[in-house]
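Data first, discussion second: the structure below is written as C-alpha cells.
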Amino acid sequence: MSGIKKIIPYIGLVLIIVIFGALTQGKLLTFRNLKLIFNQAVVLIIACGGVTFVMSQGSLDLSQGSLLGISGAMAATFAAMNTALALPMALLTGIAVGLINGSLLAFFKIPSFIITLCMLFTLRGLTVIATHSGSIPIPFEMFGLDSYQIKVTLLVAILVIAYYFFNYTRIGKGMRAIGSGEVSARYSGVPVERMKILAYLISGVLCGLCGWLNVVRTGAADSKTGLLFELDILTALVLGGMPLTGGSSAKLQSAIIGGLMLAILSNGMVLVGIKAELQQAVKGVIFLLAVYLSFERESVVLIK
Amino acid sequence: MSLLRVEDINKTFVTTRALRDVTLNIQEGEIRGLVGENGSGKSTLASIISGIIYPDNGKMFKHEKPYNPRSLLDANSSKISIIVQEMGTIDGLTVAANIFLGEEKLFKKFGFLNTSNMNKSSMKVFQRFGIDNIKPDTDISSLSFEERKLVEFAKALYVGPDLLIVDETTAALSQHGREILFGELERLKSSNRSVIFISHDLGEVIDHCDNVTVMKDGEIVDTVSTQDLKESSLKELMVGRELQQTYYREDTEAFYSDEVVLRVSDLTLEGSYYDISFVLHRGEILGIGGLTNCGMHLLGKTLFGLESPSSGTIEVVERNKRITNYVEAIANGLGYLPKNRDQEGLMLLSSIKENICLPSLSKMQRNTFISPRKERGFAESGARQLSIKMSSINQFCLYLSGGNKQKVALTKWLVRDSDILILDCPTRGIDVAVKASIYNLMQELKDKGKAIIMISEELQELIGVSDRIVVLKDGRIKKVFSRRKDLTEEEIIHFMI
C-alpha cells in the first residue's frame, strides 16, 4: 500500500470533525457532546477491535448486531437473579457464538459471510424470544456500573492487549498470514483451523462484553438492540482503512480511527438534524465510497 | 498436400521460453506423433494450434491459407479440434450440454434451448462410436474420468475436424476406450483428415503414427518416420545430446552418512501412490523422479504432513516421532518448498520479511512476544545468505522475479534451520544463474549434514545433484539408482514410462 493510502483514514477523521464542527457551529465539540460521542464510540471501537482479528484473515463477521442483542438479553435476564451473573453470561454467550462461527468456518468450509449472516438471523430470533418482543430492564443497582472510569479503563486495557497480540505475537501474525494467502500460510506452519476459531472467539467475547456495556448504559435489553450494528462495525473498519481481503496491511488502528469516525458521523448527523431514516442511507453511501476508495482490486484477483 | 503448416512460432511465459522457432508441417491423411519430456512444449504447441493461447509471433497456415485462431471455438469453426490433457469438461452441465457447448444455437427454438433435440443428437454421436452406457442428460460430474474423456472425444469429433489433436488422453483410457479412440483415428486418416497425437507411451506412438516429431526444451529436435523406428532410438532423440553442465555436483559417487534421519514405511495414498518405503540419511540428497502424475508431488506433501496417507508411517528417527500433520512436521525439523510457488510457497501480498519469518515465529518468540528487531535480523541474514535482489526486506513479494521469489521461499527454511528439506521442483521456471545458486545451496546444506528430498521432473537435475534417485511410475517405486558417473537419462526414462 502506498504511503498516501495509509494516512487517508486520518485525513478522513479530521475532515469529518471539521465539517460537522462547522455545520453545528462548534456544538459537536462541546464537552457534553464529546461525552455522548465517547459513549457511542466505546462499544463500537471494542467490537471493531474484535472483528479486526476476523477481517485480518480475509473473513467477515456479520453476526455482531444480533450477538449484541442476545448477549445483552442474557445479561439482563440473569441480572434479575444475581447482578454478578450479568457480565459472565454476556461473555459466555459471546464465546459460544464465536466458537460456533469459527468451527463452522474452519471445519465445514462454509464461507464466513454466509455463516455469520445465518447467525445474524438466528440470534435475532432468539433475542426477540428472550426479550418477549419487548425489553428486559436491569436491576437499579447496576446503573452505577455505567461510569466513565470503568469504560475508559476497559477500553484502554482491551486496546493495549489487542494491540500486543495483533502486532507482536504469533496470533496476529498468523492471522494476517492467512489473509495474505491461506495455502502459503498453512505450508509455513500456521495452524489455520485453530487461528480461524480463535479469531471468532475474540470477536465473540468482545461483542459479548459490548452487549453488557450496552445494557448497563441503556438500563434495559431490548429486542431491537444492536440492529444494523454489524454494518456499523463493517463501515467503521473499512473507513479506518481495513482491507476487505485482510492480510499484511490489516491494522488494529483501523478499529480506533474507524470507530471514532463513525461515532462522530452518527452524532453529527443527529446534531445537524438529518432524519433517522436518511442517516442510514447516508451511512450506506459512505460505506460504498469507503470500499471503493480502499479496495485493492489487483490483490483480490490474486487471492480469491 | 499440406493440411497445417506452422512456421517459426515463439511463445514466452513470464519467465520461461516455452517455444522457440517451432516449424511443423502436417500432411493430409497423416497421423503425427508428438513426443518429448515434461515441459518440452508439446502442450503449449497444441494449445496454440487449437486457439487456446496465442503465439508471440510466427505464422500458421491451414490448407495454405493463413490461420490465426483466437479461441477454441474459432479453431473449431476452422475444423481443428483438440482433446486436452487436463479435464476438458465442465462440471454441473449435462453430457449433451458439454458436447454442444458454444453450439447451442443449433438447438435454439423461439429463443429457448431445445434440450430434447440436443440429447437426441448426442445419442447419435455416441451410437456412432459404440458408446452405449453414457446418457446425454446426466450431469457430467457423475461420470468416471474415462467416460468424461470419451465425451470430450465425441465433442471433438462432432466438429468434423480436418485436424484432431489428442493430448495425453490414452493414459486415462482402458483398453476398450483406446480401441474406440484408435479406430476413430484410423477412420479420420482414411478420409484424408489428420491427427496430432501427443503421448508419453512411445510404443503406442510408434504403432499408430506415421511420423513422430520430437520436442525438447521448446524446440523441435527432429521428425522421423515410424517405419522400423525402435523405441530406444526414439528415447535417445527425446533426451538428446547434452552439453556438460558445470553447475551440477562434481563428485561422481554417492556420499552421505549412515545415520538415518527420516524413515518412510509402506506409505499409501489411495489413488495416488502405493507402498512407498525408503530411508533418508544425514547429508544425503535423495532425488524422486517420474512423470508429473506419478504421485511424487502428493508424496512430497504427505511427507510434510499436508495430506493424510491411507496407511503407512513417516518417522523422524532422531526424535522418534511420527509425522501426522504439518505443524508437527515443522516442529520436528522438516521444511517444504512447494512446486506451486506463487500460490503455495509465498504470500505475494506480504513483505519479504513476513514471508521469511513465518515458519520461525515459534522459535523467535519469548513468552509469546516476538521482537521486531529479531524478525528484522532473521530476515536480513536470510536475504543476505541467498543474496535476494530487493529494495528492502519490507518489499512485497509480488514484484520479485521468479528466481528471487524462489529464494525467499527457500530462505524461510534456512532461517528456521530445518534439518530435513523436501524440495518439490526447486528450479522450476527459474533462470540458470539462480538455478546454479540453488544447487550450490543444496550442496552447502548437504555438507552441513542436512538431508534433502528433491522431487523433480528434470532428469538431468536428478542425475546431477542426487545421491540416490527413486523412480516412481504410476505411484509405485520402480527402481532406485545410486549416484554414479555413467548414469544416463535413457536408463532412468526406461523405468518412468
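The values are calculated or read from the model by the stated rules, or taken from the named source; none is laboratory data. Source: prediction; values computed, not measured. Using ideal geometry, Cβ is built from the backbone for each residue, glycine included, and neighbour counts are taken over all protein chains shown. For accessibility, only protein heavy atoms count, side chains too; no ligands or nucleic acids. Shrake-Rupley method; radii C 1.70, N 1.55, O 1.52, S 1.80 Å.
Just one of the numbered conditions (1) in a loop (DSSP other than H, G, I, E, B); (2) open to solvent by 50 Å² or more (accessible area, probe 1.4 Å) is not true of B:GLY51: (2). The residue that is nearest to A:LEU260 (Cα to Cα), counting only those in region A:5-18 that are in contact (Cβ under 8 Å) with a residue 60 or more places away in the chain and open to solvent by 60 Å² or more (accessible area, probe 1.4 Å), is A:TYR10. One residue alone among A:LEU159, A:LEU206, A:LEU145, A:LEU154 is crowded, with 20+ Cβ neighbours inside 10 Å, touching a residue at least 40 places away in the same chain (Cβ under 8 Å) and not polar (S, T, N, Q), and that residue is A:LEU206. Tell me, please, whether a residue that is under 24 Å from B:ASN211 (Cα atoms) and in contact with a helix residue (DSSP H, G or I) (Cβ under 7 Å, 6 or more places away or on another chain) can be found in region B:22-30. The answer is yes; a qualifying residue exists. Exactly one residue out of B:PHE129, B:PHE112 is open to solvent by 10 Å² or more (accessible area, probe 1.4 Å) and under 19 Å from B:GLU179 (Cβ atoms), and it is B:PHE129. Would you call A:LEU213 modelled with pLDDT of 95 or more and touching a Lys or Arg at 6+ places or on another chain (Cβ under 9 Å)? Against the criterion (modelled with pLDDT of 95 or more and touching a Lys or Arg at 6+ places or on another chain (Cβ under 9 Å)), A:LEU213 qualifies. Scanning region B:469-497 for residues that are β-branched (Val, Ile, Thr), closer than 22 Å to B:TYR248 by Cα and buried (at least 17 other Cβ atoms within 10 Å of the Cβ) yields a total of 5. Taking each residue of region B:126-142 that is under 16 Å from B:ILE90 (Cα atoms) and looking for partners that are in a loop (DSSP other than H, G, I, E, B) and among the β-branched types (Val, Ile, Thr) with beta-carbon atoms closer than 6 Å, six or more apart or interchain, yields B:ILE140/B:THR89.
Residue count for region B:70-89 satisfying the condition of being under 27 Å from the mean Cα position of the chain (by Cα), open to solvent by 40 Å² or more (accessible area, probe 1.4 Å) and small (Gly, Ala, Ser): 1.
Among residues of region B:197-217 that are small (Gly, Ala, Ser), those with a Cβ under 6 angstrom from a residue that is at pLDDT 90 or above and surrounded by 21 or more Cβ atoms within 10 Å (Cβ to Cβ), sequence gap 6+ or separate chain, pair up as B:SER199/B:VAL205. When every residue of region B:137-152 is checked against the conditions, at least one turns out to be part of a helix (DSSP H, G or I), within 19 Å of B:ILE31 (Cβ to Cβ) and charged (D, E, K, R). Tallying residues that are more than 8 Å from chain A (Cβ to nearest Cβ), touching a residue at least 40 places away in the same chain (Cβ under 8 Å) and farther than 24 Å from B:ASP275 by Cβ within region B:310-349 yields 6. None of B:GLU30, B:GLU64 is in contact (Cβ under 8 Å) with a residue 24 or more places away in the chain and on the phi < 0 side of the Ramachandran plot except B:GLU30.
The rows are residues; the columns are (1) within 14 Å of chain B (Cβ to nearest Cβ); (2) at negative phi; (3) without any contact (Cβ under 8 Å) to a residue 40 or more places away in the chain; (4) open to solvent by less than 10 Å² (accessible area, probe 1.4 Å).
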| site | (1), (2), (3), (4) |
| --- | --- |
| A:CYS210 | no, yes, no, yes |
| A:SER223 | no, yes, no, no |
| A:LEU234 | no, yes, no, no |
| A:GLY268 | no, yes, no, yes |
| A:GLU277 | no, yes, yes, no |
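Scan region B:185-201 for residues that are touching a Lys or Arg at 6+ places or on another chain (Cβ under 9 Å) and either open to solvent by less than 10 Å² (accessible area, probe 1.4 Å) or among the hydrophobic types (A, V, I, L, M, F, W, C) (or both) and the total you get is 5.
Every residue, every condition in (1) at pLDDT 80 or above; (2) of a type in the set (Val, Ile, Thr); (3) under 28 Å from the mean Cα position of the chain (by Cα), yes or no:
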| residue | (1), (2), (3) |
| --- | --- |
| B:LYS120 | yes, no, no |
| B:MET123 | yes, no, no |
| B:PHE129 | no, no, no |
| B:ILE134 | yes, yes, no |
| B:LYS149 | yes, no, yes |
| B:LYS155 | yes, no, yes |
| B:VAL166 | yes, yes, yes |
| B:THR169 | no, yes, yes |
| B:GLY177 | yes, no, yes |
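Of the helices (runs of 4 or more DSSP H) entirely within region B:270-372, those holding at least 3 residues that are aliphatic (A, V, I, L, M) occupy B:296-303, B:326-331.
The residues of region B:391-407 that are touching a helix residue (DSSP H, G or I) at 6+ places or on another chain (Cβ under 6 Å) and either away from chain A (no Cβ under 14 Å) or at pLDDT 95 or above (or both) amount to a single one, B:GLY403. Scanning region B:90-109 for residues that are outside any loop (DSSP other than H, G, I, E, B) and surrounded by 15 or more Cβ atoms within 10 Å (Cβ to Cβ) yields B:THR94, B:VAL95, B:ALA96, B:ALA97, B:ASN98, B:ILE99, B:PHE107.
Only a single criterion out of (1) in a helix (DSSP H, G or I); (2) hydroxyl-bearing (Ser, Thr, Tyr); (3) away from chain A (no Cβ under 12 Å); (4) under 30 Å from B:ARG263 (Cβ atoms) is not satisfied by B:SER381, namely (4).
When B:SER360, B:SER371, B:SER351 are screened for being of a type in the set (Ser, Thr, Tyr) and open to solvent by 10 Å² or more (accessible area, probe 1.4 Å), only B:SER371 passes. On inspection, A:TYR163 does not qualify as facing chain B (nearest Cβ under 8 Å) and under 30 Å from B:LYS412 (Cβ atoms). Scanning region B:403-430 for residues that are assigned to a helix (DSSP H, G or I) and open to solvent by less than 10 Å² (accessible area, probe 1.4 Å) yields a total of 8. The set of residues from region A:166-201 being among the hydroxyl-bearing types (Ser, Thr, Tyr), at the interface with chain B (Cβ under 10 Å from one of its Cβ atoms) and open to solvent by less than 30 Å² (accessible area, probe 1.4 Å) comprises A:THR169, A:SER180, A:SER184, A:TYR187, A:SER188.
The combined condition, being away from every other protein chain (no Cβ under 14 Å), farther than 30 Å from A:ILE17 by Cα and small (Gly, Ala, Ser), is fulfilled by A:GLY204.
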